Amino acid sequence: MALLEAQKLEYIYSQKTPFVKQAVKGVDFCVEKGEIVGIIGHTGSGKSTLVQMLNGLLKPTSGSVTLNGEDIFANKKSLHDARFKIGLVFQYPEYQLFDETVYKDISFGPSNMGLEKDEIDRRVISASKLVGLPPHLLNKSPFDLSGGEKRRAAIAGVVAMEPEILILDEPTAGLDPKGRQRILDMIVELNKTTNTSVVIVSHNMEDIAKLCNKVLVLKGGEAVAFDTPEKIFAETDIVEQSGLILPALTKMLISLKNKGLPVNIANFSVNDAVKELIRLKKEGYKLDA
Amino acid sequence: MDNIIEIKNIDFSYREEENAPLIKLFENFSLNIERGSFTAIIGHNGSGKSTLSRLMNGMYLPDSGEVFCEGISTLEEDRRFDIRQNVGLVFQNPDNQIVTTVVFEDVAFGPENLGIPPEEIKQRVETALKDVGMWECREDSTTKLSGGQKQRVAIAGILAMEPKCIVLDEPTAMLDPKGRKEVLSAVKRLNKEKGITVVLITHYMEEVTDADRVVVMKSGEIILDGTPCEVFSKGDILRSADLTLPVTCDVKEMLNKEGFNIPDSVLTPEECTEYILKSFEG
């Protein structure tokens, strides 16, 4: 049984009005314990609507979301529990920082879970350490932090609830390359050390290719593919017809392969791809003229 | 040289909050933007690139030194309207730039304020919306648009004012790859076909390979200034400024260290692929 499972999920906005719009259509997918699952799709493909249904913020028009086999929309209690077990970090979460100090902001979630003071303290410390916020920042106002630090503080607030699944909607949007890398490293670290499952929505194909065990491709609200990044990015058509762009490296490797060079297109890191090319060169590999 | 923007020996400091100590960002800083050029400015967060964009049209004023747009100093308070008409600014967050509820009206807002005749406004709005690929959505409510669509509407709003120069501050940071491509090709077209000067501020390296000139900023200083080829051949300096290189440049650099011969001028994946194939030919 999958940890989180979405079955035939549908969502229709503004039903029974002239503005009716179906944002999500019959989406099936699942997240296993310890997996990192990526969701990619063109703007307006339903990514954000989908993730809001996954943690019970939006009630699906039809279909179900189950956590450990239990429907999260079954009753008030199951919904309440789901919100703690499935942590959602919105796009630009730093806009939601509100408290006097970073510490208080991060402790907001755990406090609402009714935890003991010591436990809250432990969680705030461990979450801020995990996201890479130095202790001296905890007593500062969140508004005195830099953009990247604010983002990490906001993520720490959800991490501190120690959810079984962490869902992040575009966690690196708007950050510079260094800030982006820190967030990605943090996600991998969290996944490795705590075996927390992660769902990550991103426009950055390079990041998705490198990080994820599985990738869900959305197009016009429908799931057009759900598979490993190796398989997804080998299917150039699916990716491009969904209005997405292949990672530059994958694109290069695919055209090298099409021209007869025996490269592995599933090399998502520059290092691995280059190593392979150098090996071929040293072995004296030649293309037929 | 004919410069549309001239930043001359400026100092600029700011405070993070009231009563906080002044932080000096620019000291004796100068930069000229040539008319008709496509200049990209790159730098890490806090390197001063956004502040620079706001200095270029008089939103921020220098502490000392002067900034000239079309020969008008931004310090001349009563000419500020002329400056803003010449130099249009597009920001990162589209939500802060949408003013009306219908797409068409939003784009018409700028030219209306310039007192342009209604027929011409319609024409301009149509051209601008088509340029950014949003013509189909002209009657939609701005509140129902996605972030990427809003940003393209915001850019159309500036285009409809037909400025001589457009300064874009990380315009694609919130867009998806397709939206990013559409916005960039629209911006490039405006530069090439209409001769509008473009200053593109970004930290996506892939976006600057087509620029005429790339200026690299670090902590309020220019550390590199040249063509994309010149700048990207200085991988070590870029990395020291917390920037990453386009994937193609990384691949090229690593392969060349191992005896491949890919020229510095190669910046796109297509060209790079060709050279790799060549080196495997018999």
Restricting attention to region B:118-160, which residues are within 17 Å of B:LYS181 (Cβ to Cβ) and outside any helix (DSSP H, G or I)? B:VAL132, B:GLY133, B:MET134, B:SER146
Would you mind telling me which numbered condition in (1) farther than 25 Å from B:VAL99 by Cα; (2) at pLDDT below 90 B:MET174 fails? (1)
Could you figure out which of (1) open to solvent by 60 Å² or more (accessible area, probe 1.4 Å); (2) assigned to a helix (DSSP H, G or I) isn't true of A:SER107? (1)
Can you tell me which of B:ASP106, B:ASP140, B:ASP131, B:ASP78 is buried (at least 18 other Cβ atoms within 10 Å of the Cβ) and more than 19 Å from B:ASN191 (Cα to Cα)? B:ASP106
With B:LEU277, B:LEU243, B:LEU238 as the choices, which residue is in contact (Cβ under 8 Å) with a residue 60 or more places away in the chain, within 11 Å of another protein chain (Cβ to nearest Cβ) and closer than 20 Å to A:ALA248 by Cβ? B:LEU243
For the subset of region B:49-97 comprising residues that are part of a loop (DSSP other than H, G, I, E, B) and modelled with pLDDT under 90, which member is farthest from the chain's Cα centre (by Cα)? B:GLN97
Selected residue (only one of B:GLY46, B:GLY115 is over 30 Å from B:LEU243 (Cα atoms) and out of contact with any strand residue (DSSP E or B) (no Cβ under 8 Å at 6 or more places or on another chain)): B:GLY115
Does region A:193-216 contain any residue that is among the small types (Gly, Ala, Ser), away from chain B (no Cβ under 11 Å) and open to solvent by less than 70 Å² (accessible area, probe 1.4 Å)? yes
Which numbered condition A:GLU149 fails, given (1) more than 8 Å from chain B (Cβ to nearest Cβ); (2) on the phi > 0 side of the Ramachandran plot: (2)
Here the residues within region B:258-273 that are farther than 13 Å from A:LYS251 by Cβ and either within 9 Å of chain A (Cβ to nearest Cβ) or touching a residue at least 60 places away in the same chain (Cβ under 8 Å) (or both) are B:GLU258, B:GLY259, B:PHE260
Specify which of the listed residues (A:LEU57, A:LEU67, A:LEU97) is open to solvent by 40 Å² or more (accessible area, probe 1.4 Å), away from chain B (no Cβ under 14 Å) and among the aliphatic types (A, V, I, L, M). A:LEU57
What pairs come up if the first residue lies in region A:192-218 and is within 7 Å of A:GLY38 (Cα to Cα), the second is among the polar types (S, T, N, Q) and crowded, with 20+ Cβ neighbours inside 10 Å, and their beta carbons are under 6 Å apart, counting only those six or more places apart or on different chains? A:ILE208/A:SER202
Filter region B:136-162 down to residues that are more than 12 Å from B:LEU175 (Cβ to Cβ) and among the polar types (S, T, N, Q) and give me whichever is farthest from the other protein chains (Cβ to nearest Cβ). B:THR142
Filtered residue count, region A:232-266, keeping only those that are in a loop (DSSP other than H, G, I, E, B) and either facing chain B (nearest Cβ under 8 Å) or over 21 Å from the mean Cα position of the chain (by Cα) (or both): 12
Counted residues in region A:218-263 being basic (Lys, Arg) and either farther than 19 Å from A:LEU280 by Cα or crowded, with 18+ Cβ neighbours inside 10 Å (or both) come to 3
Could you tell me whether region A:271-284 includes any residue that is modelled with pLDDT under 95, not in a helix (DSSP H, G or I) and not aromatic (Phe, Trp, Tyr)? yes
Starting from region A:42-61, take each residue that is outside the structural domain of A:HIS80 (by TED's automatic domain parsing) and list its partners that are among the small types (Gly, Ala, Ser), counting only C-beta distances under 9 angstrom and pairs at least six apart or across chains. none
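So if I check each of B:ALA211, B:ALA160, B:ALA173, which one is closer than 30 Å to B:GLY115 by Cα and either surrounded by fewer than 24 Cβ atoms within 10 Å (Cβ to Cβ) or small (Gly, Ala, Ser) (or both)? I'd like the intermediate steps shown before the answer.
Numbers: B:ALA211 fails: closer than 30 Å to B:GLY115 by Cα; B:ALA173 fails: closer than 30 Å to B:GLY115 by Cα.
Criteria check complete, one pass: B:ALA160.
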Out of all the residues in region B:188-208, is one or more more than 30 Å from B:PRO117 (Cα to Cα), open to solvent by 50 Å² or more (accessible area, probe 1.4 Å) and within 14 Å of another protein chain (Cβ to nearest Cβ)? yes
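The values are calculated or read from the model by the stated rules, or taken from the named source; none is laboratory data. What you see is a predicted model; the values in this text were computed from it and never measured. Methodologically, a virtual Cβ is constructed for each residue, glycine included, from the backbone with ideal geometry; neighbour enumeration extends over all protein chains shown. Heavy atoms of the whole protein, side chains included, go into the accessibility calculation; ligands, DNA and RNA do not. Shrake-Rupley method; radii C 1.70, N 1.55, O 1.52, S 1.80 Å.
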